[in-house]
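Structure first, then comments.
Read-outs throughout are calculated quantities, based only on the coordinates presented, and are distinct from any laboratory measurement. Everything numeric in this text was worked out from a predicted model, so none of it was measured. Neighbour counts run over all protein chains shown; Cβ positions are idealised from the backbone, glycine included.
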């Protein structure tokens, strides 16, 4: 999402993440008799992955942190390649390991989806990459202080909501197109079978 393509966003002030979407950690006290649904984050902006539930009694060194709806969740080892996502209602109350960093946007000033789109842009990923120190693939860790120092454009909340609504419509159109393509993929063999079978 190059900023200048959107007139309502072009002149927006840039604000550090620590001011607009600070890091929030919600550590979980482990109950050995409980199980904990865990999430992972896929690279290249592909959202969350669901992992098997963790059993409290089997956790030794691993720390868990609670994820809530509206969080912007980063994998600290793969953020540089787009491994971050927005937690939706179905992710609320699930958990991430210490490797996941959650930023919570100020609801009066920013939307998680707008920030996600900006950070997934070429410009945003460049900043996330710069904040991920190290040279080797697995050693490029997103440092919390550097994450908080990333500057993001913050247009008016109305402009962000407008942008988010455009993205929602685009996703719905893609989903409809995918459904129609799948239907045609099923229909064509049946038609061919009717004609030639």
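Taking one quarter of the surface of the convex hull spanned by the alpha-carbon atoms of segment 91-131 gives a direction-averaged projected area of 3.9 nm². Here is the P(r) of segment 1-160: all C-alpha pair distances, binned every 10 Å from 0, give 11, 40, 33, 13, 3, 0 in whole percents. As a rough guide to protection, the peptides 114-124, 88-98, 160-170, 69-79 ranked by mean Cβ packing within 10 Å, highest first, stand as 69-79, 114-124, 88-98, 160-170.
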